[in-house]
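Let me begin by presenting the structure, written as structure tokens, before commenting on it.
The values are calculated or read from the model by the stated rules, or taken from the named source; none is laboratory data. What you are looking at is a predicted structure, and each value in this text was computed from that prediction instead of being measured. A quick note on method: Cβ atoms are made from the backbone with ideal geometry, for glycine too, and the neighbour counts reach across all protein chains shown.
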Amino acid sequence: MSLLNLAEALPRKSTVIFLIIDTCMPDLKRNTLETAITQLQSCLQDLSETSSETCLETDLLYYEGERGFSAMCDTLGGKLSTKTFLKNPQGYYPPVIVLFSAGSSDSGNFAETESALVKLHANNWWKAADISAVAIGKACNRDFLGHWASNAELVLDANTPSCLERIVKSINAPRFSRVYNSVEDLTPPEMDKDRQVPSEYSQQAVDYKKNISKNFVPLNPSQIEDRLYGNEFFVTRKYDGLLTLLFWENNGGTGDGKLTIVNSSGKTLDSSLPCAAAAASCFSRSKIQSAIIAAELYADESGGRTRVTDALSALAEKGDHNHLRLAPFDIVSLDDVQWQGENYGQTHVQLGYIFTDTQFVYPVRHTVCHNKFEVQSIFTEWVEGEGSEGLVVRSGKTGLYKIKPRQTIDAAVVGFSEADGGGAVRSLLYALMKKEDGEADQYQIIGRTGNGLTTEQKKSLYSRLMAQKIPSNYVEVDSNHAAFHLVKPELVVELSVNDVLTENAAGLIRNPLLALQKSGLNKIGAAPGYSFVSAVIERFRDDKKVNPVDLRLSQIPVQTALSPTVMSLPTETAPSKVLFRRVYKKESSSMMVQKYVVWRTNKGGTPDYPSFVFSYTNFSAGRAEPLSIEVRISESEEQIMALCRRCIEKEVKTGWMQIG
């Protein structure tokens, strides 16, 4: 196993967030709750992907009436066990349990559920959990919720939709620190390196991107009817460009105002862009002293739809700067006052007042719809008819949806994980292909999913893929912490996805690059890459072959924007140094051995190597799986030695003898 892969297999404890929903509530309340929970899950997924502390998992439970409540309590109690549900071998932090109910006082006595509650309250995981209940509406039976939570002070009141949304969003706020993994700082050629962007501008731009990304609810057209909530919809066109923030300072009205444009990575753009000059002129004419405006930077569409790659190309060539356009779409603040429009319609009117240049800068295209049918019609007209990337739909003050056509992508299956008990696959690991001049075919890992597979397909795939297993130095685990078996890429699947992301809360997404070598399917580097949203396996493509043409990266429209920067394994690296090595054998048997090794890699500070590694090997010839290897990594020598010491104290008991 190479050190390159150890950093990707960082073991983390898990935190499970149980969200329990009483389905006996009016549609408006339930729609508000489900929308807020969907946004919360997206935020928690970002946190989980980027946190070095914990893997976050959400589990939704539903109940209706007294019988359903008792069943829910039994189900929750069953899941609060390391034997059934909490199976991460690294362990778990105390769970978070939140119950949402709008039950009225005349339907919430639940006298016959007491035995189920007593049993649940006796569960040790329940006793350690962070528990709360949310009473939705003034008619809710708070006494019953207080009894369920074992403390009336743990019941929160949500008497308005906005209050309910705030409570749901706060579930993650106090409990999880956002410790992000390091991400390589890629500075595209469009950056104005001669200008020093103020640190507060940079941070605001990065934070704006994070906040808007986590609040988006991604939909495809078929989901408009069931998952779009509200009575009035403010619809804007989604441009295929770069998110920027415009910072305007008028310097006391002297006519010497300054405009700074910062992208979502916190880098300032070239101040000589014609669209920047046009925006500055608009600000000057408006008499606004200061402003922060969000805008999309895109390439001129007079000849048809353009993509983010066209905008990047125009930024890289000064002769093409006049092809760039700005589409302002949001107001953060005006004259140092945070913008508080009554609705998005008011925001768009204010944008129209500021930006009157019709060539280089003009507010995003906008319309108002009064029902879902009208939203569907706008999608048909703007996206399917005119080729727009998608729609952004705002409903009320907090509903924020991104509607894009569901994309289909052909990918190679390069690995699979097993279901509990074996005999069936759980998830498939998939990749797209690229080929550099003179290099072997490369497999770029994009993601994993088991969605779309039937039970029979999972069973039949198991025997087929087991026969294709090959060695690999690459380690990845599925959502249940089961390791993937790497396979020789022969199977092609068609995936459908709601969206393709190129960055998350931590920055640019990086994908592993694998190559088929004599020793197996091995990792050879990494590259800026992608993550698919809501990937579903639609079918198997027997008509497609595993080659860089059928499975090309260019199936993803944004791929050329990311392809120039690839990190490969260094050909020469400093040798590692062993800091600690100890071997034990069972006194009664020479076929039972434990080995503990700690080493310094001498390659710390690079994206793909930790500074220190601890490896624990346990061999027992009588076990079904004789060889077990666990690995821990750290940037601290003190921490890695403490991990090793604790492991020895736990595993080496009476009857073991040190032999090395």
Sort through 347, 408, 309 and tell me the only one that's closer than 30 Å to residue 474 by Cβ and assigned to a helix (DSSP H, G or I).
309
Could you please find all residues in region 91-140 being under 17 Å from residue 75 (Cβ atoms), modelled with pLDDT of 80 or more and not in a strand (DSSP E or B)?
95, 116, 117, 118, 119, 120, 121, 122, 123, 125, 126, 129
What is the one condition in (1) surrounded by fewer than 19 Cβ atoms within 10 Å (Cβ to Cβ); (2) in contact (Cβ under 8 Å) with a residue 24 or more places away in the chain; (3) closer than 30 Å to residue 31 by Cα; (4) not aliphatic (A, V, I, L, M) that residue 87 does not satisfy?
(3)
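So that you can scan it fast, the table gives a plain yes or no per residue for (1) modelled with pLDDT of 70 or more; (2) touching a helix residue (DSSP H, G or I) at 6+ places or on another chain (Cβ under 8 Å); (3) over 16 Å from residue 503 (Cβ atoms):
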site	(1), (2), (3)
149	yes, no, yes
160	yes, no, yes
163	yes, no, yes
184	no, no, no
206	yes, no, no
215	yes, yes, no
219	yes, yes, yes
226	yes, no, yes
239	yes, no, yes
Considering 291, 276, which residue is crowded, with 16+ Cβ neighbours inside 10 Å and closer than 19 Å to residue 242 by Cα?
276
Check on residue 246, touching a helix residue (DSSP H, G or I) at 6+ places or on another chain (Cβ under 7 Å) and not in a strand (DSSP E or B)
no
Take region 12-30 and flag every residue that is modelled with pLDDT under 75 and surrounded by 16 or more Cβ atoms within 10 Å (Cβ to Cβ).
12
Test residue 544 against the criterion of being in a loop (DSSP other than H, G, I, E, B) and of a type in the set (Lys, Arg), and give yes or no.
yes
Quickly run through region 357-390 and pick out the residues that are small (Gly, Ala, Ser), farther than 21 Å from residue 229 by Cα and under 30 Å from the mean Cα position of the chain (by Cα).
387, 388
Residues in region 390-410: is at least one without any contact (Cβ under 8 Å) to a residue 40 or more places away in the chain and not hydrophobic (A, V, I, L, M, F, W, C)?
no
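Residue-by-condition table, conditions (1) modelled with pLDDT under 80; (2) over 23 Å from residue 610 (Cα atoms); (3) over 19 Å from the mean Cα position of the chain (by Cα):
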residue	(1), (2), (3)
505	yes, no, no
518	no, yes, yes
529	no, no, no
555	no, yes, yes
567	yes, no, yes
574	yes, no, yes
Does residue 483 satisfy being loosely packed, with under 15 Cβ neighbours inside 10 Å, among the hydrophobic types (A, V, I, L, M, F, W, C) and closer than 22 Å to residue 509 by Cα?
yes
Pairs returned, first residue in region 236-247 that is within 23 Å of residue 380 (Cβ to Cβ), second residue that is acidic (Asp, Glu), beta-carbon separation under 6 angstrom, 6 or more apart or interchain, are 238/389; 239/296; 240/389; 241/296
Kindly provide the set of residues from region 317-344 that are loosely packed, with under 14 Cβ neighbours inside 10 Å and either outside any strand (DSSP E or B) or outside the structural domain of residue 298 (by TED's automatic domain parsing) (or both), ordered by number.
317, 318, 319, 335, 336, 340, 342
